[in-house]
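Note sheet for the following structure.
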Amino acid sequence: MILYVIVSLLVSFLLGYILGKHQGWVAGCSEMEADMPLKIRQKSLEQGKCSICDEYWTKMSSNEKNNKDLETL
């Protein structure tokens, strides 16, 4: 009788562990899907190039940016 109680407790703890682990994986994957585009963009901005196509962006001084804005007017 005691053996059945111990086995049933172990099975219930194991089942709870497996379900909790699965729920954690699902929550982690959905959080990663929401966070990954921001991390890719942050990495691209820090490196000064596109992480997807490896195209480098030219660095312009603020004076060059102002000149381009004036030319469009």
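The values are calculated or read from the model by the stated rules, or taken from the named source; none is laboratory data. Every value quoted in this text rests on a predicted model; they were computed, and no experiment measured them. Here Cβ is always computed from backbone atoms with ideal geometry, including for glycine, and neighbour counts include all displayed protein chains.
Odds and ends about this structure:
- Selection of first residues in region 47-59 that are farther than 15 Å from residue 37 by Cα and among the basic types (Lys, Arg) and of second residues that are surrounded by 10 or more Cβ atoms within 10 Å (Cβ to Cβ) and modelled with pLDDT of 75 or more, restricted to Cβ pairs under 8 Å at least 6 apart or on distinct chains, gives the following pairs, ordered by first then second residue: 59/48.
- Tally of residues being surrounded by 10 or more Cβ atoms within 10 Å (Cβ to Cβ) and either among the basic types (Lys, Arg) or at pLDDT below 70 (or both) across region 31-64: 7
- Residues within region 1-30 that are β-branched (Val, Ile, Thr), within 33 Å of the chain's Cα centre (by Cα) and at pLDDT below 95, tallied: 1
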